[in-house]
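These notes are about the structure you will find just below.
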Amino acid sequence: VQTCALPISLGVFLIQFTIQPVLAGEVDVLIEKLVEKGILSEPEAKQILEEIQKERVKQKATVKEIATEAAKETAKKTTKEETKTAWLKLPKWVQRIKFKGDFRLRYQGENKKLDDGSTFHRSRGRYRFRFGASAKVTDHFKVGFGLKTGGGNPRSANVTFTNDFESPEIRMDYAYVQYTPIKQLSLIGGQFKNPIWEPKRDLTWDGDIRPQGAAGVFEHWIGPRFNVFTNAAFLILNDFKGDVKIPNMFVLQPGIGFKPSDNSWLKIAGTWYLNNNVEGNQFKYSSNTNTTDADGNLIYEYTSLAAAAEVGIDHLPGPIPVVVVFGEVISSDADNNNVGWIAGLRFGHYVKKFGDWQLRYNYRHLERDAWLDFLPDSDFYGGKTNAKGHNARLNFGLAKNVLFGLEYYYSEKIDYSPGTTSEPEQLLQVDLYLKF
């Protein structure tokens, strides 16, 4: 066995040494010469040739794999370069425009117990589509606009499946100009997304509302852990013909942010809402729950003070962020029924990709004259004041920028007449939401 092993080992050594520089035909000739000189026997030569063949097959496979991977990388680089080149060929004004949008498909079910003891039930299919763009005009100026489905109601962009497949309206959602003289400050004019910060804005502001007027947003970081901010706005609430003074709202909101560690944060703000020419007027999208005179005119200005706070701890427990939120609003005009507050919890990350999830819960209490009744969340007791109750929502990521949402509201009246019920209402919403 040992005698046989030596020539084979020698042959394998020769193969290892010569297989790269020597061509296949030359290797075969070499083996034949070794057999003629008696260095190798016929069986040994045959075995060596079989080993050579196996090595050739293996090397061919390896070379093919390397070539395939190289081709893939080359294709990727080529595609990136072609994309970059194509983008650079576009006009500069096109390159300065950014587009975005979203689509939401919803099932909504409602149950409400009425004063007479009967129950109102309704199931609806709804959808919402929004599309917008912004363009950087210069280093300091930007303009933007957005379109949405729905009617004129500022608290809803929903389209309900109804009326023989009629086509819905498309309206201007917002249109603004933004001036940023320095990194920390932005000045905005037109109709724009609400600049006032609240951890759960639905207590006082519906998320679909786009205020009209002018606003300023300032934020400055003092080191990596501490920042200060101030939001201010002058908003037009209505425009009447003739000599009637225009109802308006001035907002001033100073606040601070603090990060004790990389995984925790605290944010606090106080807000002063100064209203003018609201008393004695009526508003088109009122929920008709504020106190009015015999003619239906508001009897207060609804100047208010509000406070908001958010405390967050990331990765506790485990890898789950936990956030506690609180907000309060008090009207300084009314003597009673003038307080509103909200408290809630949020678990999980904001949903961006498959497998992400977030669970939110809050309880809110908004008395009749704590706030103007055409501004709160329209899904919570129809957007009315004089309401309290629970709200819970689960979001789950189905894919990147695609989520499934399940939301439940239970709400009822705070103050109601003796002999009547609190008219409790349940609302269930099931959403498929896509963002692009």
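The values are calculated or read from the model by the stated rules, or taken from the named source; none is laboratory data. None of these values were measured; they are calculated from a predicted model. Methodologically, a virtual Cβ is constructed for each residue, glycine included, from the backbone with ideal geometry; neighbour enumeration extends over all protein chains shown. The accessibility values were calculated without ligands, DNA or RNA, using every heavy atom of the protein model including side chains. Shrake-Rupley method; radii C 1.70, N 1.55, O 1.52, S 1.80 Å.
With the Kirkwood sum run over all distinct C-alpha pairs, the stretch 227-292 has a hydrodynamic radius of 14.8 Å. Charging the Cβ of each Asp and Glu at -1 and of each Lys and Arg at +1, and nothing else, the dipole of the chain about its Cα centre rounds to 1360 debye. Here the sum of -39500 (n - 2.57) over DSSP H runs of 4 or more residues, divided by the residues of the chain, equals -6500 deg cm²/dmol at 222 nm, to the nearest 500.
For the stretch 282-329, the spread of Cα positions along the three principal axes, ordered from largest to smallest, is 58, 20, 13 Å. Most tightly packed first, judged by the mean number of other beta-carbon atoms within 10 Å of their residues, the peptides 346-356, 267-277, 385-395 read 385-395, 267-277, 346-356. With axes computed from alpha carbons, what is the tilt in degrees of helix 2-18 against the longest principal axis of the chain, rounded to the nearest 10 within 0 to 90? Approximately 60 degrees, to the nearest ten.
When the alpha carbon gyration tensor of the stretch 305-407 is reduced to an equivalent ellipsoid, the three semi-axes, largest first, read 31, 16, 9 Å. May I ask you to give the average projected area over all directions of the convex hull of the Cα atoms of the stretch 243-339, in nm² rounded to one decimal? So the Cα hull casts an average projection of 8.9 nm². Taking all protein chains in place and a 1.4 Å probe, what share, in percent, of the accessible surface of the chain do carbon and sulfur account for? Percent of accessible area from carbon and sulfur atoms in the chain: 60. Farthest toward the positive end of the dipole of the stretch 290-430, out of VAL325, ILE299, PHE354, is the Cα of PHE354, where the dipole comes from beta carbon charges about the Cα centre.
Remark: the stretch 290-436 carries 46 Å² of accessible area per residue (probe radius 1.4 Å; ligands, DNA and RNA excluded). 3J(HN,Hα) couplings calculated from phi for the stretch 262-277 with the Karplus curve 6.51 cos²θ - 1.76 cosθ + 1.60 (θ = phi - 60°) are, in sequence order, 5, 10, 8, 7, 9, 9, 9, 8, x, 10, 10, 10, 9, 9, 10, 6 Hz; Gly and Pro show x.
Using the Stokes-Einstein relation with a Kirkwood hydrodynamic radius computed over Cα pairs, the translational diffusion coefficient of the stretch 320-377 at 20 °C and a viscosity of 1.002 mPa s comes to 161 µm²/s. Using only alpha-carbon positions in the chain, the gyration tensor eigenvalues give semi-axes of 70, 27, 23 Å once each is multiplied by 5 and square-rooted (largest first).
Can you pull the Rg over Rh of the stretch 155-236, Cα-only, Kirkwood? Ratio of gyration radius to Kirkwood radius for the stretch 155-236: 1.12. Taking packing as the residue-averaged number of other Cβ atoms within 10 angstrom, the listed peptides 305-312, 329-336 run from highest to lowest as 305-312, 329-336. Summary of packing: across the peptides 189-195, 170-176, the per-residue average of other C-beta atoms within 10 Å ranks them, highest first, as 189-195, 170-176. FRET efficiency for the pair HIS140 and TYR361, taken as 1/(1 + (r/R0)^6) with r the Cβ-Cβ distance and R0 = 45 Å, rounds to 0.60. Computed over the chain with a Gaussian network model linking Cα atoms closer than 10 Å, the most mobile of GLY216, GLY117, GLY38 is GLY38.
The stretch 379-418 to the stretch 134-185: how many Å between their Cα centroids? Measuring centre to centre over Cα atoms gives 24 Å.
Both numbers refer to the Cα atoms of the stretch 86-203; Rg and Dmax are 19.9, 69 Å.
Using Stokes-Einstein with the Kirkwood hydrodynamic radius over Cα pairs, what translational diffusion coefficient do you get for the stretch 383-436 at 4 °C and a viscosity of 1.567 mPa s, in µm²/s rounded to a whole number? Rounded to a whole number, D works out at 98 µm²/s.
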